Amino acid sequence: MKTLTLLLPALALLAACGEEPAPAPAETAAAATPAPAPTSSLPAPDQATFTAVFAESCEGAEPVNTAVCKRAGLGSKDVVCEYGLGEDTYLRHKATLTANAESTAWTLADPAKICAEHGAHHKAS
């Protein structure tokens, strides 16, 4: 019983501390200024985009059957695509896409090399 009488004041003190209202959040300068408008950029390439870029760059190559593209690295502007040609459903080949000079379309980073790997003719642009 003596322990209970000793603990009651401590428990009452702890209970009173929990009822204190939280301070209001302070308005910061960053919250008051609007965020800058996002800059438009090229959409992430998908299988259809890679298929069109590959077909346009490499005349006579087998058509792209499947493709998966992802950024080359954190902050990179290039995209690495793994793809399969013809009847191949496996992602056996790799190519790098990069934005053209005006940043309006994707292009193969090294079209002559990629097209030569597949026995196709590189179409000079």
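Less than 9 Å Cβ to Cβ from Thr98, Lys/Arg counted +1 and Asp/Glu -1: what total charge do the surrounding residues give? Before the final figure, lay out each step's value.
Numbers: positive: Lys77; negative: Asp78.
Around Thr98, the charge tally is 0.
Using 0.36 nm per residue of separation minus the Cα-Cα distance, give me the extension gain between Glu82 and Thr5 in nm, one decimal.
Numbers: separation 77, 0.36 × 77 = 27.72 nm, distance 7.35 nm.
Stretched fully, the Glu82-Thr5 segment lengthens by 20.4 nm.
Among the chymotrypsin sites (Phe, Trp or Tyr not before Pro) within segment 56-125, which fall in a DSSP loop and have no more than 16 other Cβ atoms within 10 Å of their own Cβ? Please list the in-between numbers first.
Working: sites: Tyr83, Tyr90, Trp106; in loops: Tyr90.
Listed in order of number, the matching sites are Tyr90.
Any read-out appearing in this document is the output of simple, stated calculations on the displayed coordinates, not a laboratory observation. These figures come from a predicted structure and were not determined experimentally. Glycine gets a Cβ as well: all are built from the backbone with ideal geometry, and neighbour counts include every protein chain shown.
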